[in-house]
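> Let me give you the structure first, and then I'll get to my questions.
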Amino acid sequence: MEQKKVTIADLQARKAAGQKITMVTAYDYPSGALADQAGIDTILVGDSLGMVMLGYDSTVPVTMDEMIHHCKAVRRGVKRAFILGDMPFLSYQVSEEKAVENAGRFIKEAGCEAVKLEGGSEMAGVIRAIVTAGIPVCGHIGLTPQTATKLSGFKVQGKDAEGARELVQAAKDMEAAGAFMLVMECVPDVLGARITRELRIPTIGIGAGPDCDGQVLVYHDVLGLFERFTPKFVKQYVNLAPQIREALAQYKQDVESGAFPGPEHVFSMSAEEADKI
């Protein structure tokens, strides 16, 4: 029997009922399909694909066309989960008109249900414009990788009272502008808990403590596929990279030794037909 599609109303109901929301990133058809089959509630096609899939040093170089390409692939593999497309750097900061146009591409071309964008209170107008156009928006505060240089690197945000107050206000401003959900990245656990209590919309934490309404992790971090670095907030559930290397090395050895392909891997024809060649 086909499973019911997850909706914004479902996510809001989970917050109201105190039920945790699950989210992972996914970047292609197989990762989207596997996350969906595992029962994950929400899938973020994150601009983190720039680092884990495309080999960039940051998320900044990722383009709209790259995001649309990967979102379309994920969409083909997902039947139930709610899909968010991550708006890349400079796709929404230039003007509200450009932001609405690019957000619309995620819906029209890629088949996403919503978009996510980074920032603080300064993004309230952009969120309002996109929502007014009929496109749901998820905000993202705290450590915002697209502007990590401005934040002096990948550091925990809101560690002092002034910074924490700014993030609380940013969260409230995003909610007031119409955001239906909020991601909080790399903030102290007490701040994540306070913002979660004070907002009506669901919060999703990544390094923001256990009291958020849900949690998100990068697919490749969960599975141990990304070895360049592992953030403190990551829990690695399996370490696949060494297993994959070993499998590929065994394949190489089998080919070089002649062990592969074996008789069970080849197609045969009758001797009579072979004689006619």
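> Taking interchain pairs and intrachain pairs at least six residues apart, which have beta carbon atoms under 6 angstrom, with the first residue in segment 77-101 and more than 16 Å from ASP65 (Cα to Cα) and the second among the β-branched types (Val, Ile, Thr) and part of a helix (DSSP H, G or I)?
Within 6 Å, the pairs are GLU96/VAL126.
> Now, a different point. Report yes if some residue within segment 205-228 is more than 30 Å from MET123 (Cα to Cα), in the same structural domain as THR25 (by TED's automatic domain parsing) and surrounded by fewer than 17 Cβ atoms within 10 Å (Cβ to Cβ); otherwise report no.
Yes; the residues of segment 205-228 include at least one that is more than 30 Å from MET123 (Cα to Cα), in the same structural domain as THR25 (by TED's automatic domain parsing) and surrounded by fewer than 17 Cβ atoms within 10 Å (Cβ to Cβ).
> From the list GLU162, GLU175, GLU198, exactly one residue is among the charged types (D, E, K, R), surrounded by 16 or more Cβ atoms within 10 Å (Cβ to Cβ) and free of Cβ contacts under 8 Å to residues at least 60 places away in the same chain. Which is it?
Within the list GLU162, GLU175, GLU198, the selection yields GLU175.
> A follow-up question, please. Can GLU113 be described as surrounded by fewer than 16 Cβ atoms within 10 Å (Cβ to Cβ) and either at positive phi or not small (Gly, Ala, Ser) (or both)?
No, not satisfied.
> How about segment 1-111: which helices (runs of 4 or more DSSP H) wholly inside it have at least 3 residues that are closer than 27 Å to ASP211 by Cβ and modelled with pLDDT of 95 or more?
Of the helices (runs of 4 or more DSSP H) lying wholly inside segment 1-111, those with at least 3 residues that are closer than 27 Å to ASP211 by Cβ and modelled with pLDDT of 95 or more span 8-17.
> Sticking with this structure for a sec: If you check every pair at least six apart or on different chains, which have Cβ atoms under 9 Å apart with a residue in segment 221-238 that is touching a residue at least 12 places away in the same chain (Cβ under 8 Å) first and a residue that is among the hydroxyl-bearing types (Ser, Thr, Tyr) and assigned to a loop (DSSP other than H, G, I, E, B) second?
ASP221/THR230; VAL222/TYR237; LEU223/TYR237; GLY224/THR230; GLY224/TYR237; GLN236/THR230
> I need a count of the residues in segment 166-199 that are under 21 Å from ALA17 (Cα atoms) and part of a strand (DSSP E or B).
Residues meeting the conditions: 4.
> Answer with yes or no whether ALA241 is on the phi < 0 side of the Ramachandran plot, crowded, with 23+ Cβ neighbours inside 10 Å and either at pLDDT 95 or above or not assigned by TED's automatic domain parsing to the domain that holds ALA161 (or both).
Judged against the criteria, ALA241 is not a match.
> Scan segment 36-52 for residues that are free of Cβ contacts under 8 Å to residues at least 60 places away in the same chain and surrounded by fewer than 20 Cβ atoms within 10 Å (Cβ to Cβ) and report the count.
Within segment 36-52, residues that are free of Cβ contacts under 8 Å to residues at least 60 places away in the same chain and surrounded by fewer than 20 Cβ atoms within 10 Å (Cβ to Cβ) number 3.
> Quick one: count up the residues across segment 6-18 that are loosely packed, with under 13 Cβ neighbours inside 10 Å and within 20 Å of GLN37 (Cβ to Cβ).
Here the count works out to 1.
> Separate question: Looking only at segment 220-270, which residues are part of a helix (DSSP H, G or I) and within 19 Å of LEU34 (Cα to Cα)?
Matches in segment 220-270: HIS220, ASP221, VAL222, LEU240, ALA241, GLN243, ILE244.
> Name the one entry in TYR237, TYR251 that is in contact with a Phe, Trp or Tyr (Cβ under 9 Å, 6 or more places away or on another chain) and of a type in the set (Phe, Trp, Tyr).
Criteria check complete, one pass: TYR251.
The values are calculated or read from the model by the stated rules, or taken from the named source; none is laboratory data. Just so it is clear, the structure is predicted and the values come from calculations on it, not from any experiment. Neighbour counts run over all protein chains shown; Cβ positions are idealised from the backbone, glycine included.
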